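> Mind looking over this structure? Questions follow.
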Amino acid sequence: MFYFLINNQNIVPVYNTARDWERNVIKGRTTSKGFEFLLHKPTGKLKGWISLTWSKTLKYFSEVNNGQAFPANHDKTWNMNVGLTYHFTPKFTTGANFVYNTGNTFSLATEEYNSTEGIKLLRSNGRNNYRLPAFHQLSINAAYLVKKEKYDIRYSLNVYNIYNRLNAYYIYIYENNSPPFEKILKKVSILPLTPTFNISINF
């Protein structure tokens with residue numbers, strides 16, 4: 001029910017047990033445009049790539065968002081990936097990877113009102129009217145290979161999100177219980193700086 005209240009303006013969910021689901025489906029159209037750029041260096045001690053994408057995806061439904069266009073959930077204006085690997089020796093390599101994405105869109109409630117049943121309802125002023133903050137993180141790694149007669153041992157150290165960027169996984173509305181009783185947005189983040197160490201044996 002909360003999903004409907006947030007994502008559909010002035011629409012009260014109707015629970016239908018009939019099997020004619022087609023009457024609950026509306027038709028619309030989507031437009032998508034953009035460009036991609038890729039630069040790749042596959043040889044030498046220093047290898048790497050950089051990819052950059054700009055895109056825009058809009059949806060149009062006459063019965064949703066007052067007929068106005070709105071960005072798709074997966075619409076991300078910018079998407080960039082940079083990866084580098086350096087081979088100091090055939091046995092020892094290091095690398096780094098940087099990722100940047102424009103934040104996902106979602107519908108944020110901007111109004112609160114009481115229903116005829118006395119229940120507080122939330123309503124947004126537009127479909128997908130808000131974006132999460134941009135997502136970005138830098139990870140580094142190092143690996144050392146030990147060759148034995150019948151097997152190889154690979155030691156690898158990885159540090160994810162090395163500068164501990166607290167990217168927003170989702171955002172929710174929090175009401176302060178003390179004066180001035182204002183509502184604020186809080187974000188939930190996962191995967192801060194995370195080091196891992198692996199040992200793999202190949203026969």
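The values are calculated or read from the model by the stated rules, or taken from the named source; none is laboratory data. Computed from a predicted model, the values in this text were never measured in an experiment. Cβ atoms come from the backbone with ideal geometry, glycine included; neighbour counts cover every protein chain shown.
> In segment 42-77, which residues are closer than 30 Å to R123 by Cα and outside any loop (DSSP other than H, G, I, E, B)?
Result: S55, K56, T57, L58, K59, Y60, N65, N66, G67, F70, P71.
> Can F98 be described as closer than 20 Å to I162 by Cβ and either under 23 Å from the mean Cα position of the chain (by Cα) or surrounded by 15 or more Cβ atoms within 10 Å (Cβ to Cβ) (or both)?
Against the criterion (closer than 20 Å to I162 by Cβ and either under 23 Å from the mean Cα position of the chain (by Cα) or surrounded by 15 or more Cβ atoms within 10 Å (Cβ to Cβ) (or both)), F98 qualifies.
Per-residue answers, yes or no, for (1) touching a Pro at 6+ places or on another chain (Cβ under 8 Å); (2) at pLDDT below 95:
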position	(1), (2)
F4	yes, yes
N16	no, yes
D20	no, yes
S32	no, yes
F37	no, no
K41	no, no
L46	no, no
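> Which residues, taken from segment 162-203, are touching a Lys or Arg at 6+ places or on another chain (Cβ under 8 Å) and closer than 15 Å to P133 by Cα?
L166, A168, Y169, Y170, I171, Y172, listed by residue number.
> Let me ask something else. From the residues in segment 166-203 that are modelled with pLDDT of 85 or more and among the charged types (D, E, K, R), which one is surrounded by the most Cβ atoms within 10 Å (Cβ to Cβ)?
Per the stated criteria, the residue is K187.
> Being modelled with pLDDT of 90 or more, of a type in the set (S, T, Y) and over 18 Å from S139 (Cβ atoms) narrows it down to one residue among T85, T93, T77; which is it?
The conditions single out T77.
> Could you list, ordered by first residue, the pairs with Cβ atoms under 7 Å in which the first is in segment 112-124 and in contact (Cβ under 8 Å) with a residue 40 or more places away in the chain and the second is surrounded by 15 or more Cβ atoms within 10 Å (Cβ to Cβ) and of a type in the set (V, I, T), at least 6 apart or interchain?
These pairs meet every condition: L122/I6; S124/I6.
> So which of I162, I153, I199 is in contact with a Phe, Trp or Tyr (Cβ under 7 Å, 6 or more places away or on another chain) and over 30 Å from T110 (Cβ atoms)?
I199
> Let me ask another. Identify, please: which residue in segment 122-139 is surrounded by fewer than 16 Cβ atoms within 10 Å (Cβ to Cβ) and of a type in the set (A, V, I, L, M, F, W, C) and is, among those, farthest from N65 (Cα to Cα)?
If we take residues in segment 122-139 being surrounded by fewer than 16 Cβ atoms within 10 Å (Cβ to Cβ) and of a type in the set (A, V, I, L, M, F, W, C), then A134 is farthest from N65 (Cα to Cα).
> Here is a follow-up. Return the residue satisfying two criteria in turn: it lies in segment 75-132 and is among the acidic types (D, E) and in contact with a Lys or Arg (Cβ under 8 Å, 6 or more places away or on another chain), and of such residues it is farthest from L58 (Cα to Cα).
Looking at residues that are among the acidic types (D, E) and in contact with a Lys or Arg (Cβ under 8 Å, 6 or more places away or on another chain), I get E112.
> Considering only residues that are exposed (fewer than 12 other Cβ atoms within 10 Å of the Cβ), assigned to a strand (DSSP E or B) and not hydroxyl-bearing (S, T, Y), which ones fall in segment 22-41?
Listed by number, the residues that qualify are R29, K33, F35, E36, F37, L38, L39, H40.
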